[in-house]
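Read the structure below first, then the notes.
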Amino acid sequence: MSTPNPNWRDFVRVHPALDIFPSASDDELRKLADDIDFHGLKVPIQTRSVAGELNENDKPIVYLIDGRKRLDAMTLLGWRIIDENGDWHGALAVIPGTVPKVVHRMGRTHAEIINEVRSLNWNRRHLSAKELVAVSASLDGCLMMFAQ
């Protein structure tokens, strides 16, 4: 009997700024999963850590800032992408001499992360003008929340 794959969401937190952007529909997720299955992962996952923020194990909290749909698509495919220790595995493993599939940067502030999320997601989303106004207001609220 095989053990179930660990869920990436048990180890990596979706940054609140990324959660403001809509998730993929089931149909979009299936299409993305099929594409990744055929072509592989072409765009790296982006994670960040905030200086001084530690989890209950005194390790830096890792925030996902770009790639939620890609991670969910790989999970839908049944790929083992993270191990029991929270280290990237399989298609996302760090392999010396290759282009990283996960780009992680440490020592950021939440304001810097929010601005990165805006930059990474703003122009490539298929959002209406009304949705962009709502997302912008929510991102500004997120900046205010972390400024306190």
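Have a look at Val94, Val117 and point out the one that is farther than 23 Å from Cys142 by Cα and modelled with pLDDT under 95.
It is Val94.
What are the pairs with Cβ atoms under 6 angstrom where one residue, in the range 68-94, is without any contact (Cβ under 8 Å) to a residue 60 or more places away in the chain and the other, located anywhere, is part of a loop (DSSP other than H, G, I, E, B) and acidic (Asp, Glu)? Sequence gap at least six, or different chains.
Final answer for the pair search is His89/Asp83.
Please verify whether Ile114 is in contact with a Cys (Cβ under 7 Å, 6 or more places away or on another chain) and not basic (Lys, Arg), treating the condition exactly as stated.
yes
When Ala73 is evaluated against the numbered criteria (1) modelled with pLDDT under 95; (2) touching a Lys or Arg at 6+ places or on another chain (Cβ under 9 Å); (3) over 30 Å from Ala147 (Cβ atoms), which criterion, by number, is the only one it fails?
(1)
State whether the residues of the range 127-139 include one that is farther than 15 Å from Gln46 by Cβ, touching a Leu at 6+ places or on another chain (Cβ under 8 Å) and either surrounded by fewer than 13 Cβ atoms within 10 Å (Cβ to Cβ) or not basic (Lys, Arg) (or both).
yes
Considering only the range 1-16, state which residues are assigned to a loop (DSSP other than H, G, I, E, B), at pLDDT 90 or above and among the aliphatic types (A, V, I, L, M).
Matches in the range 1-16: Val12 only.
State all residues of the range 17-42 that are under 19 Å from Leu120 (Cβ atoms) and in a loop (DSSP other than H, G, I, E, B); if no residue qualifies, say none.
Within the range 17-42, Ile20, Phe21, Pro22, Ser23, Ala24, Leu41, Lys42 meet the criteria.
Quickly run through the range 4-56 and pick out the residues that are of a type in the set (Phe, Trp, Tyr) and touching a Gly at 6+ places or on another chain (Cβ under 7 Å).
Correct list: Phe11 only.
What number of residues within the range 23-52 are of a type outside the set (S, T, N, Q), over 13 Å from Leu92 (Cβ atoms) and surrounded by 12 or more Cβ atoms within 10 Å (Cβ to Cβ)?
12
The values are calculated or read from the model by the stated rules, or taken from the named source; none is laboratory data. Keep in mind it's a predicted model, so treat the numbers as computed, not measured. We place every Cβ from the backbone using ideal geometry, glycine too, and count neighbours over all the protein chains shown.
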